[in-house]
There are 2 protein chains.
Amino acid sequence: MTYTQRTHNCGQLRSEHIGQSITLNGWVDGRRDLGGMIFIDLRDRYGLTQVVFAPQHNEEIHQRAHELRSEYVLSVTGTVQSRPDGMTNDEMPTGAIEVIVDAFEILNASEITPFEIEDDVDANEDLRLRYRYLDLRRPVLQKNLLLRHKVYQTVHRYFDAEDFIEIETPVLMKSTPEGARDYLVPSRVHAGRFYALPQSPQTYKQLLMVAGFDRYVQIVKCFRDEDLRADRQPEFTQIDMEMSFVKSEDVYRLIEGLIQKLLKDALDVDLELPIPVMDYYEALERYGSDKPDLRFDMELVTLNDAVEGAEFKVFSSVLDGDGIISGINVKGQAEAFSRKKLDELTERAKTLGMGGLVWMKAAEGSLTSPIAKFLSEDMLSGIRNAMSAEDGDLILIVADTRRKPALEAIGTLRLELGRELDLVDKSAHKLLWVVDFPLFQWDDETQRFYAEHHPFTSPKASDIALLDSDPAAARADCYDLVWNGNEVGSGSIRIHDSDLQSKIFEVLGLSKEEIQEKFGFLIDAFRYGAPPHGGMALGLDRIITILMGIQSIREVIAFPKTNSALSLMDRSPSTVSEEQLKELHISLRK
Amino acid sequence: MTYTQRTHNCGQLRSEHIGQSITLNGWVDGRRDLGGMIFIDLRDRYGLTQVVFAPQHNEEIHQRAHELRSEYVLSVTGTVQSRPDGMTNDEMPTGAIEVIVDAFEILNASEITPFEIEDDVDANEDLRLRYRYLDLRRPVLQKNLLLRHKVYQTVHRYFDAEDFIEIETPVLMKSTPEGARDYLVPSRVHAGRFYALPQSPQTYKQLLMVAGFDRYVQIVKCFRDEDLRADRQPEFTQIDMEMSFVKSEDVYRLIEGLIQKLLKDALDVDLELPIPVMDYYEALERYGSDKPDLRFDMELVTLNDAVEGAEFKVFSSVLDGDGIISGINVKGQAEAFSRKKLDELTERAKTLGMGGLVWMKAAEGSLTSPIAKFLSEDMLSGIRNAMSAEDGDLILIVADTRRKPALEAIGTLRLELGRELDLVDKSAHKLLWVVDFPLFQWDDETQRFYAEHHPFTSPKASDIALLDSDPAAARADCYDLVWNGNEVGSGSIRIHDSDLQSKIFEVLGLSKEEIQEKFGFLIDAFRYGAPPHGGMALGLDRIITILMGIQSIREVIAFPKTNSALSLMDRSPSTVSEEQLKELHISLRK
């Protein structure tokens, strides 16, 4: 096909081009017939330019322009002219000019699109995903992917300047399921054998440290065959990095520099460094979460001391064990929360696994509450003091013998109330390192330990002895990066000693044979001079959503899948031929 | 683990640091016991530094140093001092200094490595791949991957500056096997259905053009489940790009700028632009190859005219049909090629599918040859002239009724002789665009056409009518980039018209239902204002090998697989549990 190619793009023309003959290629964004003339906004990625078909200028062209419809692709040649007085548009970069058309060609027609190409689209998401190539024409998605491009560039440049080497690790690797499920790829050449898609390049990046590359980075696709929660994707993108001869703090400094740059480049926001560090247990006690949202206060307060000796059964049973009584002060909301609303909150606490919720209202220097009669006046004033309550405040309290569930329940109430009462400063960027998670989690069902992060995480040097005596108490030398209440990255100092690595696998219940079969190559590698090393992986998709202030990661991925891992556009996954299956030595189960 | 972290790396210290107390972390590259002192070269990615354990400086440390072995990982603290007179090493960046050790720690020991960590390694490749993390310590592999890193950076920067947007396309996509086999991924959530890994992101990048992104680029992993030839990998990396509103020449200019930059950044070589363009048929006729190596001459000469009317049956049968008689002039080699060597060449021609090989030697102003008696003196002198032969030259001629096989056979002889006679200028970088390939290839076995490149390639505008009358004659608006005889990239102007695209699929023998089932989403997309567009994909792995002047792509990939698609290090592909298969709704065939 031959046609007149553009001399400029649709976002480029300014007053200085007036009088020039130019050619634009682009899409019809909208047509207006006004005063006998036809006006079209011609659109491309770079912007919009108004082009004018005027009968007094060229009758034949004006006639032909009547057939133009939205989303037609045109090549338009014309002369740049000033817009008439009063018709300029200061909000459009090209708003001072228009192009009077001397010739045009239709490069492609368009059927009527199944939804309007505009930000305020009323189509449901399934329809938009089916016609993703049209959805992606909407300005908001163009903007998201342009920002994503910018983020890639910042990441590339930052790590290059910091002497990191970008290295690609394999996509076809070995299946070693621990935790989430692997996606498998049957081998045609080796009957009955399978590759797995990486959940992360963890072992490879550690081997790159053993190989002496010192500093590795990669923007890399990872895969997890999970039952997808609301905002997960089967394939997702990580900024994956690893460094030799480092302590946690070295990783913090490096990543903080990156985040600072991302915020500056993307939003022109200055982030103050260093990012604060909080112990996992402190985060749980103060925010009821291992990824606290620090954009508002309403901290949790432990009330065990304040209610010591209470005869109220809910409290006393907690005080007898290792439980916790924890409250939040909902400032100034005593009046606003009717009995009905408080009942609703109590129901919510129950769905979060609590037996109930205690509420108190601060009034006349004391506290009123359905349970006030079970507590002494001293206790009530102790609670009031501990909660820094003033008249008009609402206090919510949960109590449970199991500390973590209780804290997480009230942490969830905190978050929900924060949103509901509009306490969250949406323009703020609050980051936090949450560190020293437990190394293991005990699973009652399977009666074994699982790695809280992954089995390559080093225990804290001081906790190595606990691996024998009390594995559940051992803490990991690990760190999560939390951004506005989202965990955006996770990392650790790794094990580099083959005996310690074997020991961890033993605690996880793997037999010597399983260890050798699954991870023998890594343990072998540690026998040939593995350096101390550590690193982390950041969730790129999530970071883009935070930078753009949006919720769904599907809005920052060009071709996302649905929550049931379907691509509605090309209808994958799809059936394949019997011949293909035969070549792969597999068959479908009946 | 706590230890003294480095203050400098092992490639950093110079005379200006003399007198400073510093700490290095690194590997023992070698130990020499000399004159009662112990010398160690401490190594990291950045270089080597000589460290000295001297008894007169610290007796205890000198004693402990006896246990140090190659590949131990150390933290060494000491004082930088000038090397003694005559002991400086100008070839080492740190050769002016050494570090006299005040304290050291062993961060990790090493067993004796299965092969020496040095460039001239005598271990076979399988052993090296099994211990890839040790293989990667060798300076040559470190250098390859460092160059690869540099290439990534050049690519990122170049396309960013050219207004391209980096966009990630899905790895889990739809299986539409055409040509090479897909790797499949069974879906757990959707029983009996499969994703495929992309052979290329072709359809997605075209949809990004439909979406209006205008200029797309991605460094992307692609997958092909082929019977691996000597130098292919099941997963490989492409620089994939696409542009809207372009002609072939626009793509040439863009890619040429990149290649020029790569050569400059990596090798400080200046590439003259533009890169010449050659028609596919001309490349075949002049070089017997669609990827000619222009680093030496020895061009093919078509002798059909020169031998017109010959009674020699081999020639006359060719002249009667559409065959070709083609020769090369092996300059000055008449003497060097004995009867025995010529017989070997003839055998080689036969294994290349030829009936035989005609040889002639230029001597005394004429040509001697076993077939001279069948040719007139005029014909012999005609051949001599056509071949620009001088006394002492050897002429080799093949003849076949099938043009392409004949040309490819003598093209192969040309390449082999070029190498054998050392005619190839190994320092040269000769690039070439080979363009206008046939659109289709007829396959006798399946009695159908296949797309020579892929089914999305546009026919040349002038050849569209041939789709009905003579598809085999239709040429594609496509282009290969050839670099020193390697095809390093392939691209085309694409079809953007839904009817034309359907037409191509029909020529390829797909039924209307198959077209809709496999590619309906793309054809639909073309109905909503698809812009004219084109692009290409460059083979990154191959480009690195050319820049490094090496043969095997396994030497430029961190963790490659063998020719039978095995990872010898982690032993993937591997068997998986029955439970995993059950979840994926598949079973192994008996």
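The values are calculated or read from the model by the stated rules, or taken from the named source; none is laboratory data. Please read all numbers here as calculations on a predicted model, not as lab measurements. In this analysis, Cβ positions are derived from the backbone assuming ideal geometry, glycine residues included, and neighbour counts consider all displayed protein chains. We work out accessible area using only protein heavy atoms, side chains counted, and drop any ligands, DNA or RNA first. Shrake-Rupley method; radii C 1.70, N 1.55, O 1.52, S 1.80 Å.
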* To do: Might you let me know whether the range A:181-199 holds any residue that is surrounded by fewer than 24 Cβ atoms within 10 Å (Cβ to Cβ), more than 9 Å from every other protein chain (Cβ to nearest Cβ), in contact with an Asp or Glu (Cβ under 9 Å, 6 or more places away or on another chain) and aliphatic (A, V, I, L, M)?
  => no
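Per-residue answers, yes or no, for (1) within 30 Å of residue A:117 (Cβ to Cβ); (2) more than 21 Å from the chain's Cα centre (by Cα); (3) among the hydroxyl-bearing types (Ser, Thr, Tyr):
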| position | (1), (2), (3) |
| --- | --- |
| B:168 | yes, yes, no |
| B:188 | no, yes, no |
| B:209 | yes, yes, no |
| B:213 | yes, yes, no |
| B:218 | yes, no, no |
| B:235 | no, no, no |
* Asked: Is it true that residue A:19 is on the phi > 0 side of the Ramachandran plot, touching a residue at least 40 places away in the same chain (Cβ under 8 Å) and out of contact with any Gly (no Cβ under 7 Å at 6 or more places or on another chain)?
  -> yes
* Are any residues in the range B:304-340 part of a helix (DSSP H, G or I) and basic (Lys, Arg), and if so, which ones? -> B:313, B:339, B:340
* Does the range A:304-332 hold any residues that are open to solvent by less than 40 Å² (accessible area, probe 1.4 Å) and either assigned by TED's automatic domain parsing to the domain that holds residue A:481 or within 30 Å of residue A:428 (Cα to Cα) (or both), and which are they? -> A:326, A:327, A:328, A:329, A:330
* Subset of the range A:24-58 [farther than 30 Å from residue A:147 by Cβ and within 14 Å of chain B (Cβ to nearest Cβ)] -> A:31
* Considering only residues that are touching a His at 6+ places or on another chain (Cβ under 7 Å) and either assigned to a loop (DSSP other than H, G, I, E, B) or not hydrophobic (A, V, I, L, M, F, W, C) (or both), look in the range A:53-71 and name the one that is surrounded by the fewest Cβ atoms within 10 Å (Cβ to Cβ). => A:55
* Filter the range A:134-149 for residues that are in a helix (DSSP H, G or I) and open to solvent by less than 30 Å² (accessible area, probe 1.4 Å) and give the result. => A:134, A:135, A:141, A:142, A:144, A:145, A:147, A:148, A:149
* If we keep just the residues of the range A:361-385 that are open to solvent by less than 40 Å² (accessible area, probe 1.4 Å) and touching a residue at least 60 places away in the same chain (Cβ under 8 Å), which is nearest to the chain's Cα centre (by Cα)? -> A:383
* Does residue B:273 qualify as being surrounded by fewer than 18 Cβ atoms within 10 Å (Cβ to Cβ), aliphatic (A, V, I, L, M), at pLDDT 95 or above and over 21 Å from residue B:165 (Cα atoms)? -> yes
* Give the residue that is nearest to the chain's Cα centre (by Cα), with candidates limited to residues of the range A:72-101 that are more than 15 Å from residue A:13 (Cβ to Cβ) and part of a strand (DSSP E or B). => A:73
* Only residues that are among the aliphatic types (A, V, I, L, M) and within 17 Å of residue B:420 (Cα to Cα): list them for the range B:330-358, please. => B:330, B:334, B:336, B:342, B:345, B:349
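The rows are residues; the columns are (1) assigned by TED's automatic domain parsing to the domain that holds residue A:49; (2) more than 13 Å from residue A:27 (Cα to Cα); (3) in contact with a strand residue (DSSP E or B) (Cβ under 6 Å, 6 or more places away or on another chain); (4) surrounded by fewer than 17 Cβ atoms within 10 Å (Cβ to Cβ).
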{"residue": "A:86", "(1), (2), (3), (4)": "yes, yes, no, yes"}
{"residue": "A:91", "(1), (2), (3), (4)": "yes, yes, no, yes"}
{"residue": "A:94", "(1), (2), (3), (4)": "yes, yes, yes, no"}
{"residue": "A:99", "(1), (2), (3), (4)": "yes, yes, yes, no"}
{"residue": "A:104", "(1), (2), (3), (4)": "yes, no, yes, no"}
{"residue": "A:114", "(1), (2), (3), (4)": "no, yes, no, yes"}
{"residue": "A:117", "(1), (2), (3), (4)": "no, no, no, no"}
{"residue": "A:123", "(1), (2), (3), (4)": "no, yes, no, yes"}
* Of the residues B:132, B:128, B:188, B:137, which is of a type in the set (Lys, Arg) and assigned by TED's automatic domain parsing to the domain that holds residue B:239? -> B:188
* Matching residues in the range A:1-26 - criterion: being among the hydrophobic types (A, V, I, L, M, F, W, C), within 18 Å of residue B:530 (Cβ to Cβ) and outside any strand (DSSP E or B) -> A:1, A:10
* Is at least one residue of the range A:437-455 farther than 30 Å from residue A:347 by Cβ, at pLDDT 95 or above and open to solvent by 20 Å² or more (accessible area, probe 1.4 Å)? -> no
* To do: Select from the range A:227-247 the residues that are open to solvent by less than 10 Å² (accessible area, probe 1.4 Å) and away from chain B (no Cβ under 12 Å) and write down the one among them that is farthest from residue B:3 (Cα to Cα).
  => A:239
* Can you pull out the residues in the range A:155-180 that are among the hydroxyl-bearing types (Ser, Thr, Tyr) and either within 19 Å of residue B:159 (Cβ to Cβ) or more than 9 Å from chain B (Cβ to nearest Cβ) (or both)? -> A:158
* Among (1) open to solvent by 20 Å² or more (accessible area, probe 1.4 Å); (2) out of contact with any strand residue (DSSP E or B) (no Cβ under 8 Å at 6 or more places or on another chain); (3) not aromatic (Phe, Trp, Tyr), which single condition is residue B:263 missing? -> (1)
* **Residue check for residue A:298: of a type in the set (A, V, I, L, M, F, W, C), closer than 29 Å to residue A:203 by Cα and out of contact with any Leu (no Cβ under 6 Å at 6 or more places or on another chain)** => no
* **Sole residue being among the hydroxyl-bearing types (Ser, Thr, Tyr), open to solvent by 20 Å² or more (accessible area, probe 1.4 Å), facing chain A (nearest Cβ under 10 Å) and touching a helix residue (DSSP H, G or I) at 6+ places or on another chain (Cβ under 9 Å), chosen from B:152, B:131** => B:131
* Structure fact -> Inside the range A:266-279, the number of residues satisfying the requirement of being of a type in the set (A, V, I, L, M, F, W, C), out of contact with any strand residue (DSSP E or B) (no Cβ under 8 Å at 6 or more places or on another chain) and farther than 20 Å from residue A:435 by Cα is 3
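Conditions tested, residue by residue: (1) in a loop (DSSP other than H, G, I, E, B); (2) over 21 Å from residue A:401 (Cβ atoms); (3) not assigned by TED's automatic domain parsing to the domain that holds residue A:304.
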site	(1), (2), (3)
A:342	no, yes, no
A:349	no, no, no
A:355	yes, no, no
A:367	no, yes, no
